[in-house]
Every structure is written in structure tokens, then in C-alpha cells.
Amino acid sequence: MNDDELRQRLQAMPEPTTTIDVDAVVADARRRRRPKVIGTGVAVGAACLAFLAPVVVPGLLGPDPVTATLQEQGVAEQGDSGAQPEAPAPAATDESAPTAGDEPDATTFTDGDAAESAGAAAGACAAVPAAQVADGLSLTFLAQPVDGEATLLVANASDETLVVRIGDVGIAAIEGDGVLASAAIDPASALAGFRAQLAPGDVERVIVDVATDLAPCAAGDSVDGTLVPVVAVAIGASAEVRGPALGDPTAS
């Protein structure tokens with residue numbers, strides 16, 4: 001209702017006992033309507049903004065100044081660091097694969113075996129008569145070895161019980177008290193050898209394998225001599241290794 005309509009209705013009303021100030025009523029009505037009009041305008045404006053906000057295209061607004069600044073700082077720091085992209089790791093190689101330098105040298109192994117055999121023979125060259133190794137001990141082949149095998153007679157000529165272990169057995173060529181040549185034997189083999197406990201006067205017969213390849217004990221020595229057993233022995237209950245023992249010549 002506008003001001004003119006309000007004024008006409010007021011004038012058409014029956015006159016009350018008191019006079020109505022028409023202009024004052026109209027002015028008061030105008031004051032009451034003004035806040036509502038302003039409020040409606042504000043609400044309509046806010047609604048318009050709310051309607052327009054979702055349809056704003058981000059690309060049309062240009063770059064965000066804060067984001068752009070952070071990106072520029074990151075690029076600058078990466079450039080200053082001097083870091084380079086990591087190079088790809090080299091392909092793994094099989095270190096266990098043999099190379100030309102790792103191949104075994106058969107000649108070297110053969111030479112090593114020969115040297116070990118010569119060392120063992122040299123040890124046997126230091127053998128002493130069996131009676132010097134243990135009191136009353138006697139070692140004799142029942143017959144000359146055949147095809148690397150023989151029967152060894154182990155006798156106790158002492159007055160006390162003798163415990164003896166028999167290890168490797170070979171032949172040695174002797175002349176007098178010296179050893180000219182000997183087969184290679186391992187003195188430590190007696191630790192796991194055949195064990196014989198001999199009462200005074202007892203004789204034990206043991207079938208043994210015999211090493212028959214003679215090696216000279218010194219340069220120029222001949223291998224011709226009297227052939228006797230050379231035996232790795234350990235004496236006593238504690239199996240004390242006392243070195244190779246020379247036996248007696250085989251009875252003919």
C-alpha cells in the first residue's frame with residue numbers, strides 16, 4: 001500500500017473524537033517500511049552472490065598469487081641444490097660365475113699332491129726301528145706284499161702288556177741303520193687305526209694295505225736296499241703317536 005492509498009483510507013474513516021494527524025501516520029508508516037526494503041535488497045544481493053559463486057570458472061581468474069609464489073620458490077630451491085637425477089643402477093652381475101682367471105689349474109693341484117706325497121715320504125725317511133718306538137715291539141711282513149696287500153705280524157717281545165694302534169703301512173728300503181727310500185705314510189693315521197692289546201709274547205696278524213711307491217730320502221740315494229715295513233703307530237691306552245716305525249726284514 002503506497003502513501004496515497006493510506007492517506008485516502010484515513011480520510012474516509014469516520015472522524016473519531018480526537019483529530020488524526022494523517023501526515024504523521026503516513027510518515028510513520030514510511031519509516032516502518034524502509035528497513036524492510038533495505039533488508040530485502042541485502043538478502044537479494046546475497047542470494048545473487050551465492051548463485052553466482054559456484055559458476056565462476058577458476059581458469060578465468062588467473063593464477064593464485066600465493067600458489068604461484070610457492071611454486072617459484074620450489075623451482076629456485078631445486079635449481080640451487082645442484083641435485084642431478086640419479087643414474088640407473090648398473091645391472092647386477094653374478095659374482096659366482098667363473099672367469100678365465102678363476103679356472104683351476106690342474107697342474108698346480110698335481111704339483112701340490114706331489115709335494116704333499118714327497119713330504120710324507122720324507123717323514124717316513126726319519127723312521128726308527130720299532131724296538132726304539134716301544135720296548136719289545138716287533139713288526140714284520142709274513143710275506144712280501146702282493147698287489148699292495150700283505151699280512152703284518154705285530155709282536156710283543158717285552159715282559160709287559162703292550163697296547164699299539166696300527167695306521168698307514170708302506171715299505172722302506174734300508175741299508176744298515178739308514179733309510180735310503182720310503183713310501184709316503186701319514187703318522188697321524190695311527191690315531192684311528194687298528195688297536196691291538198698284546199700280552200708278553202703275543203703276536204697279532206693284521207691284513208693291511210701297503211704303499212709300495214718308493215721315493216729317495218736324499219738326492220742321489222738309490223732305492224735298492226733291504227725292504228722292510230714302515231708303519232705309523234700309536235702306543236699306549238692314550239694312543240700316543242711316536243712316529244713311523246721300521247720293521248724287520250721279511251723272513252725268506
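The values are calculated or read from the model by the stated rules, or taken from the named source; none is laboratory data. What you see is a predicted model, and the numbers here were worked out from it, not measured in a lab. Note that we place each Cβ from the backbone using ideal geometry, even for glycine, and neighbour counts take in every protein chain shown. In case anyone asks, the SASA skips ligands and DNA or RNA and just uses the protein heavy atoms, side chains included. Shrake-Rupley method; radii C 1.70, N 1.55, O 1.52, S 1.80 Å.
Observations on the model:
- Selection status of residue 218, part of a loop (DSSP other than H, G, I, E, B) and farther than 14 Å from residue 250 by Cβ: yes
- Region 190-199: number of residues that are open to solvent by less than 90 Å² (accessible area, probe 1.4 Å) and either under 46 Å from the mean Cα position of the chain (by Cα) or farther than 15 Å from residue 139 by Cα (or both): 4
- Hey, residue 116 at pLDDT below 95, open to solvent by 10 Å² or more (accessible area, probe 1.4 Å), within 48 Å of the chain's Cα centre (by Cα) and within 18 Å of residue 212 (Cα to Cα) or not: yes
- Boolean, residue 157 is more than 15 Å from residue 126 (Cα to Cα), touching a residue at least 12 places away in the same chain (Cβ under 8 Å) and open to solvent by 40 Å² or more (accessible area, probe 1.4 Å): yes
- Whichever residue in region 230-247 is without any contact (Cβ under 8 Å) to a residue 60 or more places away in the chain and not hydroxyl-bearing (Ser, Thr, Tyr) and, among such residues, is surrounded by the most Cβ atoms within 10 Å (Cβ to Cβ): 241
- Tally, over region 210-229, of residues that are open to solvent by less than 70 Å² (accessible area, probe 1.4 Å), over 49 Å from the mean Cα position of the chain (by Cα) and at pLDDT below 85: 3
- Subset of region 126-138 (residues that are more than 52 Å from the chain's Cα centre (by Cα) and hydrophobic (A, V, I, L, M, F, W, C)): 131, 137
- Residue ID - surrounded by the fewest Cβ atoms within 10 Å (Cβ to Cβ), chosen from residues in region 133-154 that are closer than 24 Å to residue 237 by Cβ and free of Cβ contacts under 8 Å to residues at least 60 places away in the same chain: 135
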